[in-house]
Amino acid sequence: MSEITSPEIVSHERPVCEVCQQTGSTVVTRYTRSPWPVVACDACGFVYLGRVPDYEDLSVNLAWEKQHAEEKQRRKKVNKLARFDALTRFRLKLGKVIDRNRHTTGVSASGRVLEIGCGGATRIPEGPIPYGIEISEGLARKARPIFEARGGTVYHEPATTGIERFPEGYFDSIIMRSYLEHEAQPRLILERAFKRLKPGGTILLRSPNYNSANRYIMGAEWCGFRFPDHVNYFTPRSLKALAESIGYEFRWKNWISLFDDNLIVELKRPAATTFGRPVSEAA
Ligand SMILES: [Zn+2]
């Protein structure tokens with residue numbers, strides 16, 4: 001069902017909502033940038049790209065490190081609000097140290113930790129054996145020696161297949177920072193991650209917050225919109241619904257920061273369950 005929508009990008013439609021698994025959606029015209037329709041699920045309201053690039057294109061043509069420079073230029077030109085947005089993000093950078101702490105608290109200090117979408121480095125603190133999955137070939141090559149020096153490795157492939165290289169119950173923690181908004185199959189990756197976490201293990205997740213105050217102020221120029229590489233626009237509610245339907249316990253870690261453009265969340269595989277069901281039912 002793939003087809004060409006621009007000279008270079010091979011893409012496919014996404015007819016089913018990842019959160020509630022229903023079909024039927026309405027285009028949000030004010031945010032849509034052709035040929036990439038931003039749609040809202042008619043049943044649950046989850047906002048996502050209704051057409052997404054194929055993984056092969058993410059690997060090479062759309063790799064974030066290439067796109068970043070172009071997008072920065074475009075944003076500078078686009079309108080006066082961009083200046084306000086830049087100031088907002090500068091202010092948020094001041095909070096980055098706090099953010100880093102918030103993000104790494106809860107990451108296991110020993111055992112094995114997986115970072116999905118690790119980019120060219122690692123955010124896994126010293127202690128555990130680090131593993132990474134990275135879709136960009138260039139970044140995976142850069143990160144690999146860093147992970148290998150600590151006894152782990154990095155796989156260059158889509159996360160949904162990369163994670164299957166690991167046995168069940170293998171990881172103490174999984175980091176998904178600035179990853180899930182890029183993943184066309186967030187339900188599938190969260191299901192596969194659930195199985196590979198030890199019971200009681202956690203995912204530390206950071207993703208743009210579609211309900212952030214800044215999105216209401218900036219509208220279509222909100223920094224969370226990136227076409228076509230951000231394909232999911234989670235809110236606390238939709239991310240919670242998705243995670244809980246798989247069996248995770250959901251904890252929102254930065255609920256107090258109203259002006260944060262990102263959601264920081266902990267998803268826990270409950271200590272006493274098997275996949276999606278309490279132990280008593282599974283027996
Ligand atoms: Zn839905």
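The values are calculated or read from the model by the stated rules, or taken from the named source; none is laboratory data. A quick note: this is a predicted structure, and the numbers were derived from the prediction, not measured. Because the Cβ atoms are built from the backbone with ideal geometry, glycine has one as well, and the counts that use them run over all protein chains shown. For the accessible areas, the whole protein counts, side chains as well, though only heavy atoms, and no ligand, DNA or RNA atoms are used. Shrake-Rupley method; radii C 1.70, N 1.55, O 1.52, S 1.80 Å.
Residues being under 26 Å from residue 11 (Cβ atoms), of a type in the set (A, V, I, L, M) and at pLDDT 95 or above: count how many of those fall in the range 185-239.
Going through the range 185-239 one residue at a time, the tally reaches 7.
Could you check the range 150-199 and list, in sequence order, the residues that are among the polar types (S, T, N, Q), surrounded by fewer than 19 Cβ atoms within 10 Å (Cβ to Cβ) and touching a Gly at 6+ places or on another chain (Cβ under 7 Å)?
Of everything in the range 150-199, just one residue is among the polar types (S, T, N, Q), surrounded by fewer than 19 Cβ atoms within 10 Å (Cβ to Cβ) and touching a Gly at 6+ places or on another chain (Cβ under 7 Å), namely 178.
How many of the residues in the range 24-45 are more than 11 Å from the ligand (Cβ to nearest atom) and open to solvent by 70 Å² or more (accessible area, probe 1.4 Å)?
So the count comes out to 6.
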